[in-house]
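Before any comments, here is the structure.
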Amino acid sequence: MAQLRPRPTNRFDTIVVGGGHNGLVAAAYLGKAGLKVAVLEARDRLGGPCGAFEFLPGYTATFSNSPGSLEPRVVEELGLAGFGLRFARPEATVVHHFPDRAFVGWRDRARVDAQLEAFAPGEAGRYYALLVSLEGLARDMGVSVFAPAPSLEEIERRLNPSQRGLFGRVFRGPLRDLLNASLRSERAKTLLGMVGLAVNRAKLSDPGTGAGLMLRPLSLASSPPGGADDPRRVALRGSTGLPIGGMGAIVDAIAASCRAHGAVLKTGTRVTRILHENGAVAGAATESGDEFAAPLVVCSVPPHVAFGRLLDDAAVGADLRRAVAGTPTPGSAFKMALALDGLPRCTDLPPGVTQQEIAGTQFRIAESMDWIDESVADAEAGMPSRRPIMWGLIPTVTSPQLAPAGKHLLSVNIWHAPYRLKSGDWATERDRFGRRCIDVLARYMPDLPQRIVAQRLMSPVEIEAELGLVEANITHGDMLAWQLFGARPHAACSAYRTPLGGFYLTGAGTWPGGYVSGVPGRNTSQAVLADLQSAKTGAKEAVWSS
């Protein structure tokens, strides 16, 4: 490779490729450790799906709606509260709409228990018994979300024989079977089915789908609960609360932490090639022809994009490059932003629950396990789901500054909308599917259609173009059992390190996977710092031995 000729101002200790939230988290930790860091982001804004985006003039939200997986340790260690991150924590944490009456998740467990018992006598006990058993399994597995994960086979070998049966049901069997064996009511099963599976292009009846229920237990096993208010104690999520200023406030706080530690954040800077010399990374080249030199590069773009477009065979080997670049990433995300002239009324609330109590609470729509499976089956057949799964939120209830005075924004994430359609294309199908989704929402909010003053619909093709998420796969690939443990994105680079010296991976395509947790960014930064310390120690030992 030709000798690098970067400008003096383009020399850094570490380059982070991609300014999504995990890339920023990695940069903040590395900057805090004293490294000179540059973040190179292709878009004109930071944060990826978690960054602020003006969907309609005057109406701002993010593609991600909820911080339900945001890791408390990351928030604390980066001091994000000191950079302005605040949360509103309504008593209601989630609303799940069913045909006749919604289920409302509460911080008060007694209110949750009463609804579970109404589903079926004894269901609350069975529900929490399942959660306790999963937490016990997570502790016995000896796996930390803060360290590279071993393979499923290794974990199973070291488990106590009494836990291997449950391990097999969770990680090798279908989630549907686990729920059927543990609970009696269809509705309680659906509540957990949505937690475990919603964004994967897999049915509840597919093997390995139970792994989604283990993310919270594994987090709890990795660091002890911080008390009764620890958001991870609520299995249905939502308990983290809602960031004041919207999800973009999370990105703003992390970016502020980066800058406070000297990191340079460059937007509109698309990396097209990872530079390397003699088996080690040397920097990155951009679309504009600029070169940035650094002995360390952390890449937070989807791994199949990094290996397929940014690296060559000489960097990591032809076989590994083809294997990672060829990883299937079937996406199915569809985004709908609705500008409203007022708050819609939900007609299916339980007795005693007011509109005001749930107005700013995230909601979910999937009336049964069959609804979930049919949604996936439609996508697999190349059709937008006839009964789409939805996760929605009106962020302007807790952050009114996101919309004009007196107006609101309804932000809805919708599955499953296949990237490739069997017939037609998204240029013609987008609006038709959007109308179908509004019709579904109107079953629970009858006055919604009359409240809409403007709308923005984004198909998987448009999401890919805006965010760089291939096929609109928000987790950089599905998160089934064998795609997580010791194999994300590949066994040869599952510990954030790659065969190219100094080149590291981070983001949703690495362990422990997607959602807005910040854990992959933290973990990669720790791998980098550990390697630097090891090299320093090795150099000292070499001097002493001489």
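Rule-based calculations on the coordinates, nothing more; no lab input. The structure presented is a predicted model; accordingly, all values stated were derived computationally and were not measured. FYI the Cβ positions are ideal-geometry reconstructions off the backbone, even for glycines, and counts take in every protein chain you see.
At a glance:
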{"item": "Approximate spin-label separation ALA147-ASP370, in nm, with each point projected 7 Å along Cα-to-Cβ", "result": "4.7"}
{"item": "Theoretical FRET efficiency, 1/(1+(r/R0)^6), r = Cβ-Cβ of GLU277 and VAL132, R0 51 Å, to 0.05", "result": "0.45"}
{"item": "Note, ³J(HN,Hα) from phi for the range 488-493, Karplus 6.51, -1.76, 1.60, rounded to Hz, x at Gly and Pro", "result": "10, x, 6, 4, 6, 9"}
{"item": "Stretch gain in nm, segment ARG89-ILE452, where the contour uses 0.36 nm per residue and the Cα spacing is subtracted", "result": "128.0 nm"}
{"item": "Rounded if a/c under 1.5, otherwise prolate or oblate - the range 61-188, Cα gyration tensor axes", "result": "oblate"}
{"item": "MRE, 222 nm, helices only [DSSP H, n ≥ 4, -39500 (n - 2.57), over the chain, to nearest 500]", "result": "-10500 deg cm²/dmol"}
{"item": "Calculated log₁₀ intensity ratio I(q)/I(0) where the Debye formula runs over C-alpha points of the chain, q = 0.07, 0.12 Å⁻¹", "result": "-0.39, -1.17"}
{"item": "Computed P(r) (all Cα pairs; the range 355-492; 5 Å bins; percent)", "result": "2, 9, 15, 20, 19, 16, 11, 6, 3, 1, 0"}
{"item": "In order through the range 94-102: 3J(HN,Hα) via Karplus (6.51 cos²θ - 1.76 cosθ + 1.60), integer Hz, x for Gly, Pro", "result": "6, 10, 10, 7, 10, x, 10, 8, 6"}
{"item": "Spin-label model distance (nm) - ASP431 vs ARG259, 7 Å beyond Cα toward Cβ", "result": "4.1"}
{"item": "5 angstrom amide H check on TRP106, placed H, neighbours 5+ away", "result": "THR93, VAL112"}
{"item": "Mean separation of Cα contacts under 8 Å, 6 or more apart, over the residue count of the chain: relative contact order %", "result": "24"}
{"item": "Nonlocal amide H pairs with GLY20, under 5 Å, H built at 1.01 Å", "result": "GLY47"}
{"item": "Simple label model, 7 Å out from Cα along Cβ direction - ALA535 to ARG109, nm", "result": "4.9"}
{"item": "Relative contact order %, the range 334-470, counting alpha carbon pairs below 8 Å whose residues are six or more apart", "result": "38"}
{"item": "Net lengthening on full extension, GLU76/ALA325 (0.36 nm per residue, minus Cα-Cα)", "result": "86.1 nm"}
{"item": "J(HN,Hα) series, the range 327-334, from Karplus relation 6.51 cos²θ - 1.76 cosθ + 1.60, nearest Hz, glycine and proline x", "result": "4, x, 9, x, x, 7, 8, 9"}
{"item": "Interchain or long-range residues, amide H under 5 Å from GLU277's placed H", "result": "ALA282"}
{"item": "Taking N as its residue count, the alpha carbon Rg of the range 1-136 over 2.2 N^0.38 Å", "result": "1.57"}
